Amino acid sequence: MGCGGLSGAEWRWSELVSAANENPPTSDGGRYKGWLPVWAWSTDEREELSETQRLDPNPSNGCFGCGGANDGGMKLAFVQDNANRRISGRFVLGARYQGGAKFLHGGIIALLLDEAMGKCCRFRDARAVTAQMTIDYLKPIDAEQEIVVEAFEELQSGRNLFQVGEIRNVAGEVMARGKARFVIVKAAEK
């Protein structure tokens with residue numbers, strides 16, 4: 001069996017979203033608790049988490065993207081917006097992370113989106129790993145320009161969390177977009 005009960009080695013985003021929507025949660029919280037997209041949440045649910053939180057690199061985390069314990073890492077910091085359930089960060093990465101023609105390397109673009117989308121798992125209070133990710137590279141990103149990276153959860157289906165992320169320039173133009181499926185491996189330690 002494939003992801004979400006679908007057969008075959010390949011899965012498609014739309015099939016997984018459709019499969020989850022065909023089995024909505026029961027009135028008591030049911031199988032797909034929290035499956036609704038953020039825009040469908042009640043005002044009370046949004047007000048429950050009303051502040052923003054800065055996510056600085058953790059000094060004991062060796063992650064290349066966001067960890068503070070990796071001397072060669074990027075040490076990315078993000079902002080967690082609890083009211084809107086979004087993760088965002090503003091960065092000027094510089095020439096160190098360029099590919100050809102002074103544009104950001106495609107792998108760094110993927111890393112930025114993976115980091116932001118991965119941090120969305122915090123809203124589920126769960127540890128999850130990236131299972132699949134697709135990136136649309138829409139426009140080259142100058143390595144010296146300021147960019148905004150933002151991500152949010154689109155859907156939860158069982159242990160699968162479907163996230164969406166974008167990289168925009170400061171004018172709001174979308175430069176890259178990603179979608180990812182994260183699999184919950186365990187509830188977060190408290």
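Coordinate-derived values only; no laboratory data. Since we're looking at a predicted model, the values are computed, not measured. Here Cβ is always computed from backbone atoms with ideal geometry, including for glycine, and neighbour counts include all displayed protein chains.
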Label-reachable residues, region 151-190, where backbone N falls under 16 Å from a point 7 Å from V92's Cα toward its Cβ
169-171
Rounded to whole Hz, the Karplus (6.51, -1.76, 1.60) HN-Hα couplings of region 93-104, x for glycine and proline
7, x, 4, 4, 10, 7, x, x, 6, 6, 9, 4
Most packed first (mean Cβ within 10 Å per residue), the peptides 111-120, 67-76, 145-154 order as 111-120, 145-154, 67-76
Which residues does a label at V183 reach in region 81-114, if reach means a backbone N under 20 Å from a point 7 Å past the Cα toward the Cβ?
114
Karplus 3J(HN,Hα) series, Hz, for region 162-173 with 6.51 cos²θ - 1.76 cosθ + 1.60 (x for Gly, Pro)
9, 10, 10, x, 9, 10, 10, 7, 5, 7, x, 6
